[in-house]
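Encoded as structure tokens, the structure appears first; notes follow it.
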Amino acid sequence: MRQTAEQRREAVLRAAMVEFAKGGLDGTSTQTIAATAGISQPYLFRLFPNKKALFIEAIQTANRQIVAKFEAAAGAKSGHDALQAMAEAYQQLITDRTFLLLSLHGFAACGDEDVRDACRRCFRDIWYTIERLSGLDPDTVRQFYATGMLCNVITAMQLDEVDERWAMLARPSAPQELKPEGK
């Protein structure tokens, strides 16, 4: 069965997300993405004008996933209940290393003005989603967002595999009763 142009575009986007998660914007070739998607490189450029446009679309797709997951998780909840539900949904999202690393590569590529503008829009959309769904003040939203970014770093470094006090304390769910080292 032949794929429609839209189905093929989606397949290329999925392949691009996997490959960009591995190598980022600068370290990923369109030839690799095309091969992963099972298409020719010239066809890739009929679907996307250039590699940067494909990268930005991949980043935006990942961020739309966050918004959709937050909305589904929060449902009719509000306040801290909504934050808790969104936090749990986000923890599930970042267990997908492709999703996680793609997101981090998006921030790493912010030296490019177009990527930076796209990441800013994504950050804004997520911020407003958290604010709207929780109904909480900007300081609480900022703390929630900051904790999410910390979770990105913790998950990327796989700190759950490190059995040292500092690694355990870095985790947002760390037991506060951990004793100082040497005691």
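No lab work stands behind these numbers, since they all come straight from the coordinates. Just so you know, these numbers come straight off a predicted model, no measurement behind them. Backbone-built Cβ (ideal geometry, glycine too); neighbour counts: all protein chains shown.
Before we move on, is residue 103 touching a residue at least 40 places away in the same chain (Cβ under 8 Å) and in contact with a helix residue (DSSP H, G or I) (Cβ under 9 Å, 6 or more places away or on another chain)?
yes
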(request) Could you tell me which numbered condition residue 25 fails, if it satisfies all but one of (1) under 12 Å from the mean Cα position of the chain (by Cα); (2) of a type outside the set (Val, Ile, Thr); (3) surrounded by 18 or more Cβ atoms within 10 Å (Cβ to Cβ)? (result) (1)
(request) Return only the number of the condition from (1) closer than 27 Å to residue 5 by Cα; (2) free of Cβ contacts under 8 Å to residues at least 60 places away in the same chain; (3) assigned to a helix (DSSP H, G or I); (4) not basic (Lys, Arg) that residue 84 does not satisfy. (result) (1)
(message) Can you tell me how many residues within region 5-22 are surrounded by fewer than 17 Cβ atoms within 10 Å (Cβ to Cβ) and of a type in the set (A, V, I, L, M)?
(response) 2
(message) Taking the condition of being in a helix (DSSP H, G or I) and small (Gly, Ala, Ser), how many residues in region 16-30 meet it?
(response) 3
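Restricting attention to region 37-55, report how many residues are assigned to a helix (DSSP H, G or I), within 20 Å of residue 103 (Cα to Cα) and without any contact (Cβ under 8 Å) to a residue 40 or more places away in the chain. Before you say what the answer is, go through the steps one by one.
Step one: filter region 37-55 for residues assigned to a helix (DSSP H, G or I), giving 37, 41-47, 51-55.
Pick out the ones that are also within 20 Å of residue 103 (Cα to Cα) and you get 51-55.
This time we only want the ones that are without any contact (Cβ under 8 Å) to a residue 40 or more places away in the chain, so: 51, 53.
Selection size over region 37-55: 2.
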